[in-house]
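The values are calculated or read from the model by the stated rules, or taken from the named source; none is laboratory data. None of these values were measured; they are calculated from a predicted model. Quick reminder, even Gly has a Cβ in these numbers, built from the backbone with ideal geometry, and neighbours come from all protein chains shown.
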Amino acid sequence: MSTDGIRRALGPLLRTVANTAVEKAVAPPLQPAAKAVTNFAVSSFERGRSPLVALSPPPPPPAPQVDGKLEAGDWLSVTDKDGANQRQRPTTKSGINTTFTEGTLLKIIPPPDNGAVSQEGFVYVESRSGKQGWVHESLVGEVSEEFVNQVKADELAKKRAENHQTDAADAYQGIYVNQFDAEKQVGDPSARNANCGPASTLMALRNEGLTLPPIPDVTSSGTAGDEVQAARYWGSTNTGNDGVTTNDAGETVYALGEENSLYTGFKNVRNAVTAAGGTCEDVAANSASIKTAIESGMSVVISGNFVEPSAQDPEGAPVLKGDTWEQGGGAEEHLVAVVGMTPEGNFIVCDPASACRTPIEVTAEELDAFMRGNAGAIGIAGPATE
């Protein structure tokens, strides 16, 4: 049996064992969140991806410190396995606003008329998404502030794992640039013409301690958007893709139309690096060669994509790959900067279109999967030493 087959065969067993452990070790209100974490981890294992979270369930939270009185500001958790209806008025004859699933956290707040928070066996609550109304007290139980904070922390950890966000990647936040935010900073509110190439080049330059010269005759406001425009300008091969134009007053200004969305290739990257006083080196487009380049002190700009032909319909529309990180924006062919590695051998990637707007940590397999079908790489380093 192949490695993939073994993983898929073990998945159901691991899921059963993990969920059984959750039911024994975790308080009922926290079980849905804990099971979501374990199921995500097992699903990642089945797909051959690093979940970046532990397969074991989280430790049980401390016993809730509650006083049994229902007061504004207290937290409740839905305890009924069938959920709890939120109603417009404190009666079962009232219309239903929504239904909360077991484990949903609700905060007691004063009702609109500032009357009692508990009426006719119902309590007035607000969900974390802002939905307000009455739920029956028999369907909820009081939980402590500490319990709520633990649930929120677990949810954040799960979300960070899904986004490939880690402490190791967070260390590179200072060099990160989001291409859409950068485009808005220089006057394009739609950010439709944001370009991954200049943004990725800039992040690699920042990581190497290199700075681009300002664009001649253009006043910079000092934003990341200005730096991205400089990367576009110095990387350009002609005035048709340099990101600047002349206005009616004869002033040099940013060209924020289609010119900013023109394709950026590795020749453009080389030009910008040279302008910043750095050096470039060809790197084979595979994780092993990129690892060697990173370990030698370089940053690496790579090309890849998030889609590929469908196995079921090769002539049809391409489909998203399932073995790399999530696509940000609408680009299919894409440039990103690889800026570091972890002791475990994972790569720190600065994807300028990432929805989470942070560097991410990916495995070697995920990096190779990204490059599959559009592979390219160029190493960037500081000035050559004599």
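Brief remarks follow.
- Restricted to segment 307-386, the set of strands (runs of 3 or more DSSP E) holding at least 1 residues that are touching a strand residue (DSSP E or B) at 6+ places or on another chain (Cβ under 6 Å) and surrounded by fewer than 15 Cβ atoms within 10 Å (Cβ to Cβ) comprises 333-341.
- Verdict on VAL151 being more than 30 Å from ALA293 (Cα to Cα), buried (at least 18 other Cβ atoms within 10 Å of the Cβ), touching a Leu at 6+ places or on another chain (Cβ under 8 Å) and modelled with pLDDT of 95 or more: no
- Boolean, VAL283 is closer than 14 Å to GLY376 by Cα, at pLDDT 95 or above and not polar (S, T, N, Q): yes
- For segment 116-133, a residue qualifies if it is among the hydrophobic types (A, V, I, L, M, F, W, C), farther than 14 Å from LEU105 by Cα and outside any loop (DSSP other than H, G, I, E, B), and exactly one does: PHE122.
- Exactly one residue out of VAL186, VAL117 is touching a residue at least 40 places away in the same chain (Cβ under 8 Å) and in the same structural domain as GLY340 (by TED's automatic domain parsing): that is VAL186.
- Considering residues of segment 127-154 that are closer than 17 Å to GLY83 by Cβ and of a type in the set (D, E, K, R) only, the residue nearest to the chain's Cα centre (by Cα): ARG128
- Identity of the residue in segment 320-348, free of Cβ contacts under 8 Å to residues at least 60 places away in the same chain and β-branched (Val, Ile, Thr), that ends up nearest to ILE378 (Cα to Cα): VAL338
- Some residue of segment 169-178 being more than 18 Å from ASN268 (Cα to Cα), over 30 Å from the mean Cα position of the chain (by Cα) and modelled with pLDDT of 85 or more: no
- Helices (runs of 4 or more DSSP H) within segment 179-244 that include 1 or more residues under 15 Å from VAL269 (Cα atoms) and among the hydroxyl-bearing types (Ser, Thr, Tyr): 196-207, 224-235
- Verdict on LEU335 being more than 26 Å from ALA230 (Cα to Cα), assigned by TED's automatic domain parsing to the domain that holds GLY174 and aliphatic (A, V, I, L, M): no
- One residue from ASP242, ASP217, ASP282 being over 19 Å from ASN374 (Cβ atoms), surrounded by fewer than 18 Cβ atoms within 10 Å (Cβ to Cβ) and not hydrophobic (A, V, I, L, M, F, W, C): ASP217
Results for (1) over 30 Å from VAL244 (Cβ atoms); (2) modelled with pLDDT of 95 or more; (3) of a type in the set (A, V, I, L, M), shown as yes or no for each residue.
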position: LEU262; (1), (2), (3): no, no, yes
position: GLU295; (1), (2), (3): yes, yes, no
position: ALA311; (1), (2), (3): yes, no, yes
position: GLU365; (1), (2), (3): yes, yes, no
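- Pair list, Cβ under 9 Å, 6 or more apart: segment 167-182 residue within 21 Å of GLN229 (Cα to Cα), other residue basic (Lys, Arg) and in a helix (DSSP H, G or I): GLY174/ARG206; ILE175/ARG206; TYR176/ARG206; VAL177/ARG206
- Residue ID - modelled with the lowest pLDDT, chosen from residues in segment 192-221 that are within 21 Å of THR246 (Cα to Cα) and among the small types (Gly, Ala, Ser): ALA194
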